[in-house]
Each structure stands twice: as C-alpha cells, then as structure tokens.
Amino acid sequence: MALHNWSLEPIACGSGSASTLGLMEYLEKMSVLRDGLWLYASEVPVRVRILESQETWGTGDYEDESCIAENQPTPCYFLAYEAAGSPESFCNLVPNLPSFEEAVAHAEKKFPNITWQAP
C-alpha cells in the first residue's frame, strides 16, 4: 500500500484535534532515528528529529476515502522539530514520510546546513 502524505507542510503546535500535550506524549512513544541541530537566523538552536512511526496519520476528513481519512498500520517516518526559542517542544511535524532516506532529504532541504549528531 502506498503511503499518502497528505501534506509536506508541517503540523504546528495546537493545530488539528490533538492537544500539544497529547502530541508530545504521542511523539515520546516513537523511536528517534536521527537527531540534528540547525541554527535559526544563524544563532537560535533548533533541534530536528527523524522519528519512526508504526502508523500513518489520516486526514480525519470524512469526505476522504477511509484509507486516507483514517490512521493506517503502515510504518513510516516523521520529521519533528522544535519551535525556535522553545527547547524540547517538538510540536512541528511533517508526518507520513515513506522512507528514512526521504525523511533525511526533506530535513536537509528544510534545514540547510543541519548538523546531524552521531547515533
């Protein structure tokens, strides 16, 4: 089954149906595969993570087909990153990336000159 990444735009804190606290608890259950550091405005550190998820997120839209609207038990990757100036607040997400390589490529495009930490 092909993954449906319904948006490569990030999901920000407080958007959608998940509360920020609920989102943070959800993210804590995911495995961190890669951790990086990027400097916003060349001086504010922003941590970036690639997470492994055991399910894709659906759109939640009842007008979509169920395979798109509902979460699916299909492994995928999420790109999570802090809000600039808010350490440990990984509430900006790009979900449903189909491969680790695509998640890394998306992170490196969004965060030029990111420094990946050693695993």
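The values are calculated or read from the model by the stated rules, or taken from the named source; none is laboratory data. Owing to the predicted nature of the structure, the values given are computational and were not obtained by experimental measurement. Here Cβ is always computed from backbone atoms with ideal geometry, including for glycine, and neighbour counts include all displayed protein chains. The accessibility values were calculated without ligands, DNA or RNA, using every heavy atom of the protein model including side chains. Shrake-Rupley method; radii C 1.70, N 1.55, O 1.52, S 1.80 Å.
Kindly provide the set of residues from the range 40-84 that are of a type in the set (G, A, S), surrounded by fewer than 14 Cβ atoms within 10 Å (Cβ to Cβ) and within 20 Å of W116 (Cβ to Cβ), ordered by number.
Hit for the range 40-84 is S42, nothing else.
Take the residues of the range 43-67 that are in contact (Cβ under 8 Å) with a residue 60 or more places away in the chain and in contact with a strand residue (DSSP E or B) (Cβ under 8 Å, 6 or more places away or on another chain): which is farthest from F78 (Cα to Cα)?
V46
Given the criteria on the phi > 0 side of the Ramachandran plot, assigned to a loop (DSSP other than H, G, I, E, B) and modelled with pLDDT under 95, does S7 qualify?
Taking the combined requirement at face value, the residue does not satisfy it.
Please verify whether L97 is in contact with a helix residue (DSSP H, G or I) (Cβ under 6 Å, 6 or more places away or on another chain) and at pLDDT 85 or above, treating the condition exactly as stated. Working first, answer last.
On the way: in contact with a helix residue (DSSP H, G or I) (Cβ under 6 Å, 6 or more places away or on another chain): yes; at pLDDT 85 or above: yes.
Against the criterion (in contact with a helix residue (DSSP H, G or I) (Cβ under 6 Å, 6 or more places away or on another chain) and at pLDDT 85 or above), L97 qualifies.
Can you list residue pairs whose Cβ atoms sit under 7 Å apart, with the first residue in the range 28-42 being within 19 Å of H106 (Cα to Cα) and polar (S, T, N, Q) and the second being assigned to a strand (DSSP E or B) and open to solvent by less than 70 Å² (accessible area, probe 1.4 Å)? Count only pairs 6 or more apart in sequence or on different chains.
Close Cβ pairs (under 7 Å, with a partner that is assigned to a strand (DSSP E or B) and open to solvent by less than 70 Å² (accessible area, probe 1.4 Å)) amount to S31/L51; S31/E52.
Looking at the range 10-23, can you tell me whether even one residue there is surrounded by 14 or more Cβ atoms within 10 Å (Cβ to Cβ), in contact with a Leu (Cβ under 8 Å, 6 or more places away or on another chain) and modelled with pLDDT of 90 or more?
Among the residues of the range 10-23, not one is surrounded by 14 or more Cβ atoms within 10 Å (Cβ to Cβ), in contact with a Leu (Cβ under 8 Å, 6 or more places away or on another chain) and modelled with pLDDT of 90 or more, which makes the answer no.
Output the residue which, of all residues in the range 100-116 that are in a loop (DSSP other than H, G, I, E, B) and surrounded by 12 or more Cβ atoms within 10 Å (Cβ to Cβ), is nearest to the chain's Cα centre (by Cα).
Filtering the range 100-116 down to residues in a loop (DSSP other than H, G, I, E, B) leaves 111-114.
Subsequent filtering for residues that are surrounded by 12 or more Cβ atoms within 10 Å (Cβ to Cβ) retains 111, 114.
Working: F111: 13, I114: 16 Å.
Among those residues, the one meeting the criterion is F111.
So in the range 68-94, with the set limited to residues that are hydroxyl-bearing (S, T, Y) and not in a strand (DSSP E or B), which one is nearest to E108 (Cα to Cα)? Steps first, please.
First, pick out the residues of the range 68-94 that are hydroxyl-bearing (S, T, Y): 74, 77, 81, 86, 89.
Remaining after also requiring not in a strand (DSSP E or B): 74, 89.
Values: T74: 24, S89: 20 Å.
Ranking the candidates gives S89 first.
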